[in-house]
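Q: Sharing a structure here in structure tokens format.
The values are calculated or read from the model by the stated rules, or taken from the named source; none is laboratory data. Quick caveat: nothing in here was measured; it's all calculated off a predicted structure. Glycine gets a Cβ as well: all are built from the backbone with ideal geometry, and neighbour counts include every protein chain shown.
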Amino acid sequence: MKEAFALLWSGDAETWGIVGRSLRFSLFSTLFALLPGVPLGVAIARRGSRAARLGAALVNALTALPTVVIGLFIYSLISRSGPLGALGFLYAPAGVIMGQAFLAAPVVASLTCAGLSKLDPRFGETLVTLGAGPWKRFFATLRETKAVLASAIVTAFGRVTGEVGVSMMLGGNIRFSTRTMTTAIALDAAKGEFDRALSLGMVLLVIAVAVNLAVHRLARDER
């Protein structure tokens, strides 16, 4: 344990490079996950039809899908024989970010839908009465539930930061390129090099605690 702390605080370039790379991948994938996730969550929450309830159930099911399944799906798209193979995303940072975005999007949609379902139905009716168009209603809804949206973003960020299956399958755990904290931990533990594995594990623990504290704080502010 002492060696792990020493390695972490010694300013080891490779270790902190892995940390920075992981956070960068997680940030971009979370941002890309917002593009489909937020509109989908808003659309499901606004409609009380049977199709909307089915969509909500499907989104909730996708949040529990194993990461290796998502990795396998994206792999089939970006492999050389896949429809997006010409883009060269496989075993590159873009492939990891793409896979993590697919992993985070259902989380964003599910939490957005759950939060908006608590909104007073008269809010939407009032906007329509005032003559607000679809886009104005959309952004007004987001402003009204900004704490919900922030909680969804933080939770999605924590989800992709701690995943390993997608990063391993799509990134290949390439040194100085696609190696993240989770894939580095798996590799170092397999090689018996536990010092850096423990140091990276401590960083992940700090991130997990920070994410959970942020979610609880946002939930408290919302109430």
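Q: For segment 144-175, enumerate the residues that are closer than 21 Å to residue 95 by Cβ, in a helix (DSSP H, G or I) and aliphatic (A, V, I, L, M).
A: Listed by number, the residues that qualify are 156, 160, 166, 168, 169, 170.
Q: I'd like to verify a number: residues in segment 78-92 that are surrounded by 18 or more Cβ atoms within 10 Å (Cβ to Cβ) and assigned to a helix (DSSP H, G or I), how many?
A: Final tally of qualifying residues: 1.
Q: Right, here's the next one. Would a scan of segment 22-37 turn up a residue that is part of a helix (DSSP H, G or I), surrounded by fewer than 20 Cβ atoms within 10 Å (Cβ to Cβ), among the basic types (Lys, Arg) and within 15 Å of the chain's Cα centre (by Cα)?
A: Yes, segment 22-37 has at least one match.
Q: Take the residues of segment 109-132 that are modelled with pLDDT of 75 or more, among the hydroxyl-bearing types (Ser, Thr, Tyr) and over 10 Å from residue 148 (Cα atoms): which is nearest to the chain's Cα centre (by Cα)?
A: 110
Q: Can residue 102 be described as surrounded by fewer than 20 Cβ atoms within 10 Å (Cβ to Cβ) and of a type outside the set (A, V, I, L, M)?
A: When the stated conditions are applied, residue 102 does not pass them.
Q: Could you grab the pairs with beta carbons closer than 7 Å, sequence gap of 6+ or different chains, first residue in segment 191-211 and farther than 16 Å from residue 159 by Cα, second one surrounded by fewer than 18 Cβ atoms within 10 Å (Cβ to Cβ) and of a type in the set (D, E, K, R)?
A: Pairs that qualify, where the first residue is farther than 16 Å from residue 159 by Cα and the partner is surrounded by fewer than 18 Cβ atoms within 10 Å (Cβ to Cβ) and of a type in the set (D, E, K, R), are 195/3.
Q: For segment 167-187, give me each residue that is touching a Phe, Trp or Tyr at 6+ places or on another chain (Cβ under 7 Å) and surrounded by 16 or more Cβ atoms within 10 Å (Cβ to Cβ).
A: Matches in segment 167-187: 169, 170, 171, 172, 178, 180.
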